[in-house]
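To keep things clear, I will list the structure first and then write my remarks on it.
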Amino acid sequence: MRFSHYIIMSQPAKPKNQKTFQAPRGTYDILPDEQIYWEKIYKTIKEVFLFYGFGRIDTPVIEDADLYVRATGETTDIVEKQMYLFKSKGGDSLALRPEFTPGVIRAYLEDGLSALVHPVKLYSWGPLFRYENPQTGRYRQFHQVNLEVIGSKAVANDAEVIQLFFVVFRELGLKAINLHINSIGCSECQPHYRKLLLGYYKNRADRLCADCRRRFRQNPLRLLDCKDEHCIQLMAGVPQMIDHLCEECHTHFKSVLEFLDELEIPYILNQSLVRGLDYYTKTVFEFWPDGEQARQGALGGGGRYDYLIKFLGGKDTPAVGGGIGVERLIAQLKFQAIKFHPLINPRVFLVQLGELARRRGFKIFEELRKANIAAAAAFSKDSIKTQLKLADRAEIKMALILGQQEVLDGTIIVRDMTTGAQETIKQDKLILVLKKRLAKKIINQ
Ligand code: HAM
């Protein structure tokens, strides 16, 4: 039965001055009617990712805070402003995970996954925490679907991560999702480009916004993705990274684009796309919804990170990955009016009259479950009128009516809710009769 069919009972009056509780700012509850989206998304990603050889990894929600300082980057917004930090009773400095990648790499190094055949392909799903200013599409507790391919520098794996997210969008029925893509080079070509960038901004620094003045000193690449109007105007003649890639990065990027052409995945070359996390090298990408919906932010993003594993104490191991925000994905599904079947769509409503019938009714209800016949009932209701009304409201076309007499006779009444026609049958024939009547469309999932 859909949650909206439950009847909300009246509450006793609240004593004066009693504190009421709300979910913390930027967090929310996922109610039963909403679960349709979550189940469908999880079912889809699981099917697609398992098929492509990804194994699920669950890492703790808490990690050593230093892991993010080192991996995500000291001057990133996530580390500087958004981490939920606390000291455990034992004095450890812990953080609620703001992203998956550092924890997954920590597990890869700690749990001996580096001894497996490479690339090691892992996916994760779960809540993340960032102390952000809550607004449309931006929460303090949100969820991501995350992919990592560890131990491959092959272009095919950059394309695979992008392709898999596209497959998920398509499987869910989404249209009009734009892929933005760029290359931010490697340790060879990026330092040279940084110098060019600093040279360009040197005489313009005093006209930059406060954030960009800080970026100018700490992380000049991020000057390129500022959304401030004046800063955007200042970008007019900025040197483009793509013109300054070393030969290896240039060839790599060109091959990624050729791969995407072959896969018929359209892309937008976005030269100001640099991503807000420090570990990226070479390919970076983001998925954006069309038009108005872009206001909620990117649906997802990711890229290559060829130095992170060594930086965290492992061997030189290239990797690539990406993450999608589940809340933003659901907002997009709703915006595009994409609907999914309810998790359970009852085909019969069991009406019980009197104590004896209620007890027998419980048994019949379980028999229906075992026979895969989706059913609904209201065991707390007595009147036949109320129960039939509930069946009607839930648009259930068949009612099974069980009264005291039927219990004693071992029978049950099958009522067609559209015509009102009724037939009394033996209880031990019920499943057979229902299966025939429901014309083998027993459960519509
Ligand atoms: P990210 O761009 O920080 O990347 O996050 C990926 C996606 O998570 C975003 O595009 C957005 O959809 C969603 N997201 C981020 N913050 C919020 C928020 N406050 N509220 C709602 N949704 C949000 C990463 O996290 C990288 N670890 C992805 C990656 C994996 N790169 C390589 N491997």
Test for HIS192: is it over 27 Å from LEU67 (Cβ atoms) and more than 18 Å from the chain's Cα centre (by Cα): yes
What's the number of the condition ILE268 fails, among (1) within 12 Å of the ligand (Cβ to nearest atom); (2) in a strand (DSSP E or B); (3) β-branched (Val, Ile, Thr); (4) more than 21 Å from the chain's Cα centre (by Cα)? (1)
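Based on what the data block shows, is GLU171 touching a residue at least 12 places away in the same chain (Cβ under 8 Å), surrounded by fewer than 16 Cβ atoms within 10 Å (Cβ to Cβ) and either among the acidic types (Asp, Glu) or within 16 Å of the ligand (Cβ to nearest atom) (or both)?
Details: touching a residue at least 12 places away in the same chain (Cβ under 8 Å): yes; surrounded by fewer than 16 Cβ atoms within 10 Å (Cβ to Cβ): yes; either among the acidic types (Asp, Glu) or within 16 Å of the ligand (Cβ to nearest atom) (or both): yes.
Yes; evaluated as a whole, the condition is true for this residue.
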Sole residue being assigned by TED's automatic domain parsing to the domain that holds GLN293 and either open to solvent by 10 Å² or more (accessible area, probe 1.4 Å) or away from the ligand (no atom under 12 Å from the Cβ) (or both), chosen from VAL149, VAL117, VAL145: VAL117
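Can you tell me how many residues within the stretch 340-362 are without any contact (Cβ under 8 Å) to a residue 24 or more places away in the chain and not hydrophobic (A, V, I, L, M, F, W, C)? Write out each step before concluding.
From the stretch 340-362, those without any contact (Cβ under 8 Å) to a residue 24 or more places away in the chain are 355, 358-359, 362; that's our starting set.
Subset that is not hydrophobic (A, V, I, L, M, F, W, C): 355, 358-359.
Result for the stretch 340-362: 3.
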Being assigned to a loop (DSSP other than H, G, I, E, B), of a type in the set (Lys, Arg) and either in the same structural domain as LEU438 (by TED's automatic domain parsing) or at pLDDT below 95 (or both) is the requirement here; does LYS389 meet it? no
Could you list all residues from the stretch 370-393 that are touching a strand residue (DSSP E or B) at 6+ places or on another chain (Cβ under 9 Å) and under 20 Å from ALA439 (Cβ atoms)? ILE373, ALA374, ALA375, ALA376, ALA391
Is the stretch 277-294 home to any residue that is without any contact (Cβ under 8 Å) to a residue 60 or more places away in the chain, surrounded by fewer than 14 Cβ atoms within 10 Å (Cβ to Cβ), part of a helix (DSSP H, G or I) and within 16 Å of the ligand (Cβ to nearest atom)? yes
Of the residues that make up the stretch 250-265, is at least one open to solvent by 40 Å² or more (accessible area, probe 1.4 Å), more than 16 Å from the ligand (Cβ to nearest atom) and in a loop (DSSP other than H, G, I, E, B)? yes
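The values are calculated or read from the model by the stated rules, or taken from the named source; none is laboratory data. Because the structure is predicted, anything quoted here is derived from the model rather than measured. Quick reminder, even Gly has a Cβ in these numbers, built from the backbone with ideal geometry, and neighbours come from all protein chains shown. Areas reflect the complete protein model, heavy atoms only, side chains present, ligands, DNA and RNA absent. Shrake-Rupley method; radii C 1.70, N 1.55, O 1.52, S 1.80 Å.
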